[in-house]
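Comments concern the structure below.
Here, each number is a calculation from the coordinates, and none is a lab measurement. All values derive from a computational prediction rather than experimental measurement. Cβ placement follows ideal geometry from the backbone for every residue including glycine, while neighbour counts extend to all protein chains displayed.
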Amino acid sequence: MERVNFFMDYKKNLVQQYNQCAAYKLLCDNQGFNPSINLKSENDMDEVPYFTTTLFKKSHGLFKDLLRVPADKLDKWTVSSSTSGDPSIVGRRTKDIIKIKEFIEREKSLKSLNDYDCVFYPEPEVMKKYKSQVILGKSTESYIGNMLDIFNFSENTIFLIKPDKEDLTIDMDSFKAFLEDHNNMDHNLSIRGSTILLFDSVNKLKDNMKPVKLGKNAIIHTGGGGWDGKKGNLSMGSALRRQDFVEIVSEFLGVPKENFVDSYSFTENSFPITGHYSKEYKDYLFHIPTWGRVMIRDIKTLKPLKNEGDKGFIQMLNAYGTSAFAGASILVDDIGEIVSMEECPECGSKLMTIRILGRVKGSEAKGCGATLNVKEGI
Ligand SMILES: [Zn+2]
């Protein structure tokens, strides 16, 4: 991809979505918004109607109505890993997944330049097919499995999560051997994958192994959420603070804190965002790349917020990679905080920068439950 004209591409995508998805057209018509007429400039993007991620949940039975092409034109259904047994189901074409690959390859911090990768996920093919079902003649595949599949891992990659009948288990012996092999070597290496599985494994090893020093050329790249303490069938019983994760893992593995990065995406979205750890903020700072937009919306009023320190729901505006489903404007029930609208205060990148605070909880959730379950006339 050459330099993108995000607004023009976004408008084109939204107009097509309006014409191709009757449910989205209905939502827009109810709000008096026609993208061909009302989306004239970047400022109008505040008004773009959005679907919420909850609408894609299997239990709602609406995921077929959120397609932009007939189901027989899809290549696959991508599904989220789900704690509740109620995954999101998003129809995709292969060309949309290739778009996501282009974005991942443009993120310099995500390119695998490492000689050795150690991954807290199963091999991509195993992950893709894990608990696959057939819906309307197409197989479901794990979204994370698809993300792993397009990532350029080195030849020396160890996938630590192994299938064991219906379950997945962590190959602790291989993890321990990896740490011992690279101790005090300053090798170019990465440890990637599920935050909660990596944290859990480090805590198990701490009891019977001395800390190692992987050194300044190692990076720790997590993804797939899990900061609320839950992922799939695994639960830690409490939320995991990013600061605690980074301090404990940094100390045990001997990797500098500034070498920690985290990726954020979800099944209904098409551009992952990446954050680098900030010692000052004691949190990951996520840059919003030029090929996507993020809006933060007030939890109660849902109005767009634009000031540093404002917190609210995260809305992702996708210009690319949503040709098969109505994914151009998606609101997710994660809370983000604006660090800066223009520039990362830590590294100086001229990009909107946010922190991700996690799911809404307790009293806040009561206020937004209705919001996120709206079917908006579908
Ligand atoms: Zn930065």
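A few remarks follow.
- Computed magnitude of the charge dipole of region 225-338 (debye, nearest 20; Cβ of K, R +1, Cβ of D, E -1): 260 debye
- In terms of other Cβ atoms within 10 Å, TYR284, TYR130 run from fewest to most in the order TYR130, TYR284.
- Ranked list, fewest to most other Cβ atoms within 10 Å of each Cβ, for THR301, THR140: THR301, THR140
- Neighbourhood charge, 14 Å Cβ-Cβ cut-off, centred on GLU343 and excluding it, Lys, Arg +1 and Asp, Glu -1: -2
- When DSSP beta bridges are restricted to pairs lying wholly in the chain, around 70% turn out antiparallel.
- Shape category assigned to the chain from the gyration tensor of Cα positions, a/c cut at 1.5: prolate
- Using alpha-carbon coordinates, inclination of helix 195-206 to the longest axis of the chain, degrees: 10 degrees
- Ranked list, fewest to most other Cβ atoms within 10 Å of each Cβ, for TRP77, TRP291, TRP227: TRP291, TRP227, TRP77
- Projecting the Cα atoms of PRO345, LEU14, PHE271 onto the dipole axis of the chain, where Lys and Arg carry +1 and Asp and Glu carry -1 at the beta carbon, places LEU14 farthest toward the positive end.
- Of the residues ASN184, ASN318, ASN114, the one that moves most in a GNM of the chain with alpha-carbon contacts below 10 Å is ASN184.
- The charge dipole of the chain, taken about its Cα centre with unit charges on the Cβ atoms of Lys, Arg (+1), Asp and Glu (-1) only, comes to about 820 debye.
- Projecting the Cα positions of ILE89, ASN114, ASN188 onto the charge dipole of region 62-192 (unit charges on Cβ atoms of Lys, Arg, Asp and Glu, taken about the Cα centre) puts ILE89 furthest along the positive direction.
- Between the Cα long axis of helix 172-182 and the first principal axis of the chain there is an angle of about 70°, rounded to the nearest 10.
- On Cα atoms only, tilt of 242-253 relative to the major axis of the chain in degrees: 30 degrees
- Candidates PHE51, PHE120, PHE245: whichever shows maximal mean-square fluctuation once the chain is modelled as a Gaussian network with Cα springs under 10 Å: PHE245
- Dipole axis of region 30-72 (+1 Lys, Arg; -1 Asp, Glu on Cβ), positive-most option in SER36, PHE51, LEU62: LEU62
- Here region 38-170 is assigned +1 on the Cβ of each Lys and Arg and -1 on the Cβ of each Asp and Glu. Its dipole about the Cα centre then comes out at about 480 debye.
- Within straight-line reach of LYS40, meaning a Cα separation under 14 Å, sit the following aspartates and glutamates at least 8 residues removed in sequence or on another chain: ASP9.
- Summary of packing: across the peptides 31-37, 323-329, the per-residue average of other C-beta atoms within 10 Å ranks them, highest first, as 323-329, 31-37.
- Gyration tensor (alpha-carbon) shape descriptor, region 82-189, a/c threshold 1.5: oblate
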